[in-house]
Structures are given as structure tokens and as C-alpha cells.
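What follows is one structure encoded as C-alpha cells, with my remarks underneath.
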Amino acid sequence: MTPVRVLVVDDSATMRGLITLALRRDPEIEVVGTAGDPLQAREAIKAHKPDVITLDVEMPGMNGLEFLEKIVRLRPTPVVMVSNLTGQGTEAAIEAMQIGAVDCIAKPSPGDPHPFAELPRIVKAAAGARVRPRPMRDGANRASQRPPVAPDYESDGRLVAIGSSTGGVEALSTIIAQLPENCPPTLIVQHMPPDFTLSLAQRLDRLNAPKVMEAYDGAPIEGGCVYIAPGGAAHLEIEEAGKLCCRLRVSAPVNGHSPSADVLFASVAKAVKSNALGVILTGMGRDGAQGLLAMRQAGARTIGQDEATSLIYGMPKVAFEAGAVERQLPLDRIGSAILAMTNLRGRKQREAKCHSQTN
């Protein structure tokens, strides 16, 4: 098996050494070079043509986000961002994944006995990503382009549950940007480290019409709101306690993840049965497939992201092959499909049209 060729880019020699050491422990990975700034990195990319690049968010001369944008526009290569666990660091990592980074990992805290233990797995997953060239961002303020309340949309009461992993930040950003302020209540499991999910929720809330928040235990589930499961040791479930609410339950990882999409989907199937819509997006592994199947078997509608637009066609593929996916759609059509499949007003209009045509 040909090893995954990795270029390590970080302005700290210590950090470059830690990353290199962690990656070289895996015989399926070869570190082909290191670089301390974007200029060195540019030359190293030309010389070594790496399969994956690890990139520091903060670097001298040109920050990691500016350099990332050049990579995805001019020489599309899977990039894993390495970020500090600070509000500013996690916010930058979220922006990086919206630009086109495949994944992110936090820099280790002082005294961590196993720094970057998860990095080899993340790098090998990134090597299988389908990275496409991106146009230059126009810098426009997307917040000024928020869709208002959709006058032709009235929720039919369905709850929307979404599961995503590698590549999911970009996918979720695309979908939520298509939702109006009066969108159906939406719950999301996105596989991310602790602290990153809060930054993701805050950024999506700032840029989009629905209210986006990190879910908390007991949060009432309401229309116009999007709830993102916090990264960490708890699973997000829903519970009927007079009114639907979020529950965070600490238990063992499922499919290697906590929170797990399977756990969320299974709780939705149990609590609301057919009154739901499940969506599974890009990601590595099989998390979500069985839970989505339980939703479909309970009468819920289901959607899977198609292979052509998935950064990694792992989770959607397993779900599709298990019979859990009712419709496969490209990413740019999923947001509008969610609205069409949960629109009571649209259904009434179609029924009225059919009635008039039969009379």
C-alpha cells in the first residue's frame, strides 16, 4: 500500500516536530517535508506534491486562511487545519473548513501525554477526500443576504435531524444558508472536537436567518431554530416531556463517536416516528446509517447526499446501501428539498391544484 504523503506547515519548530513524530508512528503515512511559513510551504508543495497538508491557522507573512484559499483555488489538495483551542482559534478553524479545509484538529494542551493521537486517522481520512477547485471569495457580507421569513412556507410540524462528519461544515453551511427564518426545527450531529461546535453554531447563527445554537440539556425544540450537538462525551437525543426538548446523555461512543448521528436518529424515530425528516451528509465511516434506517422504517422521510458532491462518500453510501435513504441529492439541492418536504402550505396548494384538475 502506497503511504499517504504529508507536508507539515507550522511556524513553530516544536509543533512541526510533534506533528511529524505523531504521523511517523503510522507506517501508512510518510512525512515528505516541513515548512515554517507560506513561502517555504509553496516551494515544498511544488517539490513534493503531497497527498495531504497539515496547516497552522496562524503564521507570519500570510495567515493560514489566506494560504488555504490559494491552495484550494490553485492546487486543490486535502488540508487539515491545526488550531489553538481558543475562541479565536476555533472560529478561524470553522472559517477554514468553510473555505475548503477537510478537517481540523486542536493543538495539544501542555502536559498532554499523547499529543496529536487522532491526527494519523484524520490525515488518512483526508487523503480520500474529493477536493474541488474553488472560486475566489468575493468578500460579500452574507449576513446581508439572509433569506427573510418565507411567505410561501409553513412548517408541517416535522422535525429535521441531520448527521455529518468530514466535510460537514461546508455542507451544513450550504444547507443552512438556504433556510428561512421560519425554518422547521432542526437538530444536527456534526463530528467535531469540544469547543469547535460552539464556534460553528455562533458563526452559522451570525451568517444565516435561522437561530443557530449549541444544544443544551432541556432546550425546547422550536421552529426557526437549529440545534448543534456539543462535541464531547454526550449524545444528543430528543425527548417528549409535554413538549419536545433536547437531552444530552453521557454514555459510551457509538461507531466511535460521541455525539453519534445514530443515537440522534434513533431517538427521533422513537419519539416522533413519521413526523420527521432525516438527512445524512458527507463523512467517513458508517455512523447514522442504522439510525436513519430506523427513521425510514418508522415512516419518516430521508435524504442522503450524493457521491459527486460529498467530500467523503462514506456515511451517505453506507446509509444508501442499507436502504435508509429515500432520495439521494446533490448538496446544493438539499436545503430546498428540506423545505419542500416539510411545507404544509405547499402541500395544500398541490392538493388544491389536483382537486381542481379532477373536477
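The values are calculated or read from the model by the stated rules, or taken from the named source; none is laboratory data. Bear in mind that the values here come from a model prediction, so they are computed numbers and not experimental data. Positions of Cβ are generated from backbone atoms using ideal geometry, with glycine treated the same way; all protein chains shown enter the neighbour counts.
Okay, here's what the table says:
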read-out	value
Counted residues, the range 33-49 - those being buried (at least 19 other Cβ atoms within 10 Å of the Cβ) and among the aliphatic types (A, V, I, L, M)	4
Count - residues of the range 33-73 that are within 17 Å of residue 83 (Cβ to Cβ) and part of a loop (DSSP other than H, G, I, E, B)	6
Failed item, numbered, when residue 22 is tested on (1) more than 24 Å from the chain's Cα centre (by Cα); (2) surrounded by fewer than 20 Cβ atoms within 10 Å (Cβ to Cβ)	(2)
For residue 61: the one exception among (1) crowded, with 16+ Cβ neighbours inside 10 Å; (2) farther than 24 Å from residue 230 by Cα	(1)
Filter pass, residue 323 being small (Gly, Ala, Ser), modelled with pLDDT under 95 and outside any helix (DSSP H, G or I)	no
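For every residue, the table says whether it meets (1) in contact (Cβ under 8 Å) with a residue 24 or more places away in the chain; (2) crowded, with 24+ Cβ neighbours inside 10 Å.
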{"position": "166", "(1), (2)": "yes, yes"}
{"position": "170", "(1), (2)": "yes, no"}
{"position": "187", "(1), (2)": "yes, yes"}
{"position": "213", "(1), (2)": "no, no"}
{"position": "218", "(1), (2)": "yes, no"}
{"position": "222", "(1), (2)": "yes, no"}
{"position": "248", "(1), (2)": "yes, no"}
{"position": "251", "(1), (2)": "no, no"}
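Table: residues versus (1) touching a residue at least 40 places away in the same chain (Cβ under 8 Å); (2) under 23 Å from residue 199 (Cβ atoms).
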site	(1), (2)
23	yes, no
29	yes, no
36	no, no
41	no, no
47	no, no
78	yes, yes
